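Note sheet for the following structure.
The values are calculated or read from the model by the stated rules, or taken from the named source; none is laboratory data. Please read all numbers here as calculations on a predicted model, not as lab measurements. Please note: Cβ atoms are built from the backbone with ideal geometry, for glycine as well, and neighbour counts cover all protein chains shown. SASA here: full protein model, heavy atoms, side chains in, ligands and nucleic acids out. Shrake-Rupley method; radii C 1.70, N 1.55, O 1.52, S 1.80 Å.
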Amino acid sequence: MDALLGREHPQPESRRLMPGASRLSLDALTRRFRDTLAVDALSLEIASGELVALMGASGSGKTTTLRMVAGYEPPDSGRVLLEGTDITNRPPRARGFGMVFQHYALFPHMTVGENVAFGLEARGVAKADRSARAAAALANVGLAGAAPRAIQSLSGGEQQRVALARALVIEPPVLLLDEPLSNLDPNLRRTTRNELRAMLRRLGLTALFVTHDQEDAFAVADRVALMAHGRLLQVGAPEELHDNPVSREVADFIGRATFVPGTFDGKNVTVTIAGAPTTLAARAPASLGGAREVLAVLRPDALALAQDGAGWAGVVTDRRFAGAQLVYRVRVDDAIEVELQSTNRDVREGDRVRVRVVREPVPVVAV
């Protein structure tokens, strides 16, 4: 239940928290647009210095949730609390949050330094002080000395850093990021998200960022809050959502999987493939209860090509090169195809192979 509601999560003692980094609480936030329930009584606790990704498909309610946290969208009910203080009715500026928008919202007529210092100027900070603080913020994001440059001279990754520096320079208690990596090409995206995680951890910020991309969420976040249809499905560390999904919807969204019907006895699951029963150690969510019909979740990383005649016989239906490994799809039953990864490059489509389970327990979810 704690994983579902997003409770607990002490931070590593080694992480240095940014001065003012604060605990953020979302308490039963609800938002309707006419007949559409966009966010449905969403509750989430984010500890000081924690990085949480709010993830979901388009229309899941994640951006509406972020806008309510930022103060740009009023909830119909529920509360936003900062260190236990209700800030639901405060306007965005009075919350003091740093915000990185999807399209960065940089001013093209201003220099890099002027863009970063803009929030300080609006807060009445003296020119000399805001220039020094802007320079320090740029140095924090790896752009030391870039203050005089024109925005148009920067790459996409550099513009993303300027937007981050502008959000950081006001020393916010919470940093909010709306799809911060979506405008970057794949190679730059991988590099930038690694830098973003390292930077946020170094600064000890409390951060909530919205993304639809699983790789971005897993690479940056301490915990992931998965949403669908305005509801939180599960909250936990990336490996928790991958290895211990609470439902088929979670298992289907997180990673790749083949769902095989089986019978669960509270400890093991028995699946029948090509007429032969196989019993595997299983791991079930607490909500599942005792023995019942279930779906076994067979992930590619839990399967391998068998070399010793063990496992399920099958035919390779697809072969895809993926760098260090190849990805194979194998039909092991008239109605079941599984996916696995292998360094074996000698297998071709149409070859007969055997597949075995190499990692147990396997997750099981309700039918």
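Once segment 332-355 is narrowed to residues that are surrounded by fewer than 17 Cβ atoms within 10 Å (Cβ to Cβ) and basic (Lys, Arg), the residue that is nearest to residue 261 (Cα to Cα) is 352. One residue stands out in segment 168-189 among those that are in contact (Cβ under 8 Å) with a residue 12 or more places away in the chain and not in a loop (DSSP other than H, G, I, E, B): the one that is farthest from residue 24 (Cα to Cα), namely 188.
Do we find that residue 195 is part of a helix (DSSP H, G or I) and over 23 Å from residue 66 (Cα atoms) in this structure?
Judged against the criteria, residue 195 is not a match.
Looking across segment 267-279 at every residue that is over 12 Å from residue 336 (Cβ atoms) and in contact with a Leu (Cβ under 9 Å, 6 or more places away or on another chain), the one that is least open to solvent (accessible area, probe 1.4 Å) is identified as 269. Among the residues of segment 139-152, are any under 18 Å from residue 173 (Cα atoms), touching a residue at least 60 places away in the same chain (Cβ under 8 Å) and open to solvent by 20 Å² or more (accessible area, probe 1.4 Å)? Within segment 139-152 (the criterion being under 18 Å from residue 173 (Cα atoms), touching a residue at least 60 places away in the same chain (Cβ under 8 Å) and open to solvent by 20 Å² or more (accessible area, probe 1.4 Å)), the answer is yes, since at least one residue qualifies.
Within segment 105-129, no residue that is among the hydrophobic types (A, V, I, L, M, F, W, C) sits with its Cβ atom under 9 Å from a residue that is at pLDDT below 85 and open to solvent by 60 Å² or more (accessible area, probe 1.4 Å) at 6+ positions apart or across chains. When residue 263 is tested against (1) open to solvent by 10 Å² or more (accessible area, probe 1.4 Å); (2) over 18 Å from residue 290 (Cα atoms); (3) not in a loop (DSSP other than H, G, I, E, B), exactly one condition is not met: (2). Taking the condition of a type outside the set (A, V, I, L, M) and open to solvent by 20 Å² or more (accessible area, probe 1.4 Å), does residue 319 pass? For residue 319, the condition - of a type outside the set (A, V, I, L, M) and open to solvent by 20 Å² or more (accessible area, probe 1.4 Å) - is met.
Determine which member of the set 325, 307 is modelled with pLDDT under 90 and polar (S, T, N, Q).
Details: 325 fails: modelled with pLDDT under 90.
Only one candidate passes the filter, namely 307.
The selection criterion, being among the small types (Gly, Ala, Ser), within 25 Å of residue 247 (Cα to Cα) and within 27 Å of the chain's Cα centre (by Cα), holds for residue 296.
Identify all residues within segment 257-279 that are polar (S, T, N, Q) and over 17 Å from residue 356 (Cβ atoms); write none if there are none. Show your work before the answer.
From segment 257-279, those polar (S, T, N, Q) are 258, 263, 268, 270, 272, 278-279; that's our starting set.
Residue satisfying the conditions is 263 alone.
With respect to (1) within 18 Å of residue 210 (Cβ to Cβ); (2) of a type outside the set (S, T, N, Q); (3) open to solvent by 10 Å² or more (accessible area, probe 1.4 Å), the lone exception for residue 81 is condition (1). Selection of segment 125-160 for residues being part of a helix (DSSP H, G or I) and either touching a Cys at 6+ places or on another chain (Cβ under 6 Å) or hydrophobic (A, V, I, L, M, F, W, C) (or both) yields 128, 132, 134, 135, 136, 137, 138, 139, 151. Of all residues in segment 63-78, those that are open to solvent by less than 60 Å² (accessible area, probe 1.4 Å) have Cβ atoms under 7 Å from Cβ atoms of residues that are of a type in the set (Phe, Trp, Tyr), 6 or more apart or on another chain, in 70/97. Take segment 247-260 and flag every residue that is more than 14 Å from the chain's Cα centre (by Cα) and within 17 Å of residue 53 (Cβ to Cβ). If the condition is that a residue be more than 14 Å from the chain's Cα centre (by Cα) and within 17 Å of residue 53 (Cβ to Cβ), then no residue fits. Screening the candidates 252, 216 for the property of being charged (D, E, K, R) and open to solvent by less than 10 Å² (accessible area, probe 1.4 Å) yields one hit, 216. The number of residues in segment 97-131 being of a type outside the set (Val, Ile, Thr) and surrounded by 14 or more Cβ atoms within 10 Å (Cβ to Cβ) comes to 17.
Any residue that is modelled with pLDDT of 95 or more, of a type in the set (Lys, Arg), crowded, with 21+ Cβ neighbours inside 10 Å and part of a strand (DSSP E or B) - is there at least one of those in segment 223-232? Looking through segment 223-232, at least one residue is modelled with pLDDT of 95 or more, of a type in the set (Lys, Arg), crowded, with 21+ Cβ neighbours inside 10 Å and part of a strand (DSSP E or B). Exactly one residue out of 256, 231 is more than 14 Å from residue 56 (Cβ to Cβ) and of a type in the set (Lys, Arg), and it is 256.
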